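Below is one structure, written out as C-alpha cells; comments come after it.
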Amino acid sequence: MKPQKNILIVSPSKIGLTETFIRSHIERLEGNVIYLYGYALDFKTTDDQTLRDYYSQKPSIFDRLMNLLPHYLFFRINNERQKKYTREALIKRFIVEKKIDVVLAEYGTSGSFIAPICKELNIPLIVHFHGFDASVYDILANFKEGYRFMYKYASSIIVVSNAMKQALIQHGCVESKLLLNTYGPNPEYLEITPDYNSNLIVAVGRHTYKKAPYLTILAFKKVLETYPDLKLALIGSGELFEISQNMVKSLNLTDKVILPGGLERSEIINYLKGSFLMIQHSLVAGNGDSEGTPVGIIEAMAAGLPVVSTRHAGIPDVVIENETGYLVDEGDILQMAACIEKIVQNRTLAKEMGLKGKHRIESEYSMDKHIGRLNEIISNL
C-alpha cells in the first residue's frame, strides 16, 4: 500500500458557497490535504492568516543588537533578512516544511503563479481549470506566457468539458496532458425526490454575465403569460444580483420571482425538493467568460429535475437533448420559454426526463467517480 501523499491545494480566493467542487477536493481527496488561498502567491491559511504572519518575525536579542550597528551594516543585514519574507520565499518555506508531495492548483491562474515555484522545488503540479480561466480574453492575454510555462511543466491539466479541452489545445497545451474529469454532485442531491406537481421552477447559480439571469427572467415572464400560477426561485448572488432585483421589480414580478441570494447546501436542497424544473440561460459573456460545466445543473439533474438550458460550453456534454431536458441557442428566450412550457404542461414528461437525468448523473458523473479520478492522477505521480 502506497503511503499517503501530502497535498497542497491552492486557489486564487477563499472558496465560496457555490464552489462545491473545490470544497469536495479539500474534504475528500486521499492524503493529507492542506489548503491555501490567495492571488499572485499572496497566500493565506484557512483561518485567514497570511503566510507572513504565519512565519512572523519575533523580536530577539539579535534584533536589539542590530540597533547598535552602524546604519550601513544594519540596512545590509536587514535587507538580507527581508529576502526570507518575500511571497516566493514564504511559499517555498511552507512547501518544504510541510513536506508537500504534490500541488493541486484550482484554476489556471493559480497554476500559472505557482508553477515556477513547483519547478524550482521539483514538486509535481496538477492544474484544474474551471471556466473563466480558460475563456476570459484578458486572462488569456495577461497569462499567456505564464500558461505556456505551466503547460510545459505541469504533470496533468484537468478540464471539465470537451469544449474546454479544445479551447486549451488552441491556447497551446498539448493534448496528451489534458484530462477530462467533470464534476460530481454531493451525494445528498441523489437522495432528493422533486415535486413534479408543484408550480415552482428553480435556477441555481451566481448572478454573473455568463449565467445571464436577466434572460432567464425574461423567458420566465413569457411563460407566465400562459401559466400565471408559476413561480421561479433564482438562487445565487453576484455582480448582477441588484440588476436582477431591479428587473423583477420593474416587470412587476415580485410575487412570482424569488431572489433568496446565496444559500447553503441544505437550503438549496429544500428548494430542489419543492421544484419540478431547473432552468439556466448560460452564454458567452462579452469578455469571453464561459462556463466549464455548471455544477448547479449537475446537482439539479442528480436531484431528478429535468433541465432547460443552452447549448453552451459543457452543458451539452451532460444534458441530453430531448431525453433529460431541452437546450436552446444562446440568447433565444422565446425558444427557451417554449421548452419550459412543454414541461409545464406535461408533468409525466417532467418526471421521465428527471429520472433519466438522475440515472445519468449517478452512472456517469458521480462525486465518487470525480474524486476517484483525481486520486488516481495523484497516486500515479
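Read the figures in this text as sums done on the coordinates, not as results from a lab. Note that the coordinates shown come from a computational prediction; the quantities given were computed from them, not determined experimentally. Here the Cβ positions follow ideal geometry from the backbone for every residue, glycine too, while neighbour counts run over all protein chains shown.
Close amide H partners of residue 158, meaning residues 5 or more places away or on another chain with modelled amide H under 5 Å apart, are 127, 128, 129, 179.
Pairs of Cα atoms nearer than 8 Å and 6+ residues apart set the relative contact order; for the chain it is 16 percent.
In terms of surrounding Cβ atoms within a 10 Å radius of their Cβ, 276, 132 rank from fewest to most as 132, 276. The phi-based Karplus calculation (6.51 cos²θ - 1.76 cosθ + 1.60; θ = phi - 60°) puts the 3J(HN,Hα) values of segment 147-152 at 5, 4, 4, 5, 4, 6 Hz, whole numbers, x for Gly and Pro. Amide hydrogen proximity for residue 258: with H placed 1.01 Å from N in the peptide plane, the residues at 5 or more positions away or on another chain lying under 5 Å are 232, 233, 234. Taking all Cα pairs closer than 8 Å and separated by 6 or more residues, the relative contact order of segment 187-364 comes to 27 percent. Between residue 28 and residue 175, what is the FRET efficiency for a Förster distance of 35 Å, r being their Cβ-Cβ separation, to the nearest 0.05? Taking R0 as 35 Å, the efficiency between residue 28 and residue 175 is 0.80. Computed from backbone phi, the HN-Hα couplings of segment 118-125 come to 4, 5, 4, 8, 6, 9, x, 10 Hz, rounded to whole numbers (Karplus: 6.51 cos²θ - 1.76 cosθ + 1.60, θ = phi - 60°; Gly and Pro given as x).
Over 30 Å between Cα atoms: which of 210/273; 44/99; 249/351; 5/44; 210/342; 14/152 fall into that group? Please list the in-between numbers first.
On the way: 210/273 26 Å; 44/99 18 Å; 249/351 32 Å; 5/44 22 Å; 210/342 25 Å; 14/152 27 Å.
Pairs exceeding the cut-off: 249/351.
Using a Gaussian network model of the chain in which every pair of alpha carbons under 10 angstrom is joined by a spring, one finds that among 313, 40, 302 the greatest mean-square fluctuation is at 40. For the chain, the 222 nm mean residue ellipticity estimated from helices alone, with every DSSP H stretch of n ≥ 4 adding -39500 (n - 2.57) and the total spread over all residues, rounds to -13000 deg cm²/dmol.
Taking other Cβ within 10 Å of each residue's Cβ, how do 150, 367, 247 sort, fewest first? Before the final figure, lay out the partial values.
On the way: 150 26, 367 22, 247 18.
Fewest-to-most Cβ neighbours within 10 Å comes out as 247, 367, 150.
Run the numbers for residue 245 and residue 96: contour at 0.36 nm per residue of separation, minus the present Cα-Cα distance, in nm. Intermediate results must be reported in sequence, preceding the final value.
Numbers: separation 149, 0.36 × 149 = 53.64 nm, distance 4.88 nm.
Extra length available between residue 245 and residue 96 comes to 48.8 nm.
If R0 is taken as 35 Å, the Cβ-Cβ distance between residue 153 and residue 359 corresponds to a FRET efficiency of 0.30.
For segment 187-364, what is one quarter of the convex hull surface built on the Cα atoms, given in nm²?
The directionally averaged projection comes out at 8.9 nm².
Put in line by how crowded their Cβ is, counting other Cβ atoms within 10 Å and starting with the fewest, 13, 198 read 13, 198. Can you give me the C-alpha center-to-center distance between segment 1-38 and segment 226-290, rounded to a whole angstrom? The two parts, judged by their Cα centres, are 29 Å apart.
Per-residue 3J(HN,Hα) values for segment 254-269, derived from phi via the Karplus relation 6.51 cos²θ - 1.76 cosθ + 1.60 with θ = phi - 60°, read 4, 8, 10, 10, 9, 10, x, x, x, 10, 6, 4, 4, 6, 4, 4 Hz in sequence order (x marks Gly and Pro).
Can you tell which of 358, 210, 144 shows the greatest fluctuation in a Gaussian network model of the chain with Cα springs below 10 Å? The residue with the greatest mean-square fluctuation here is 144.
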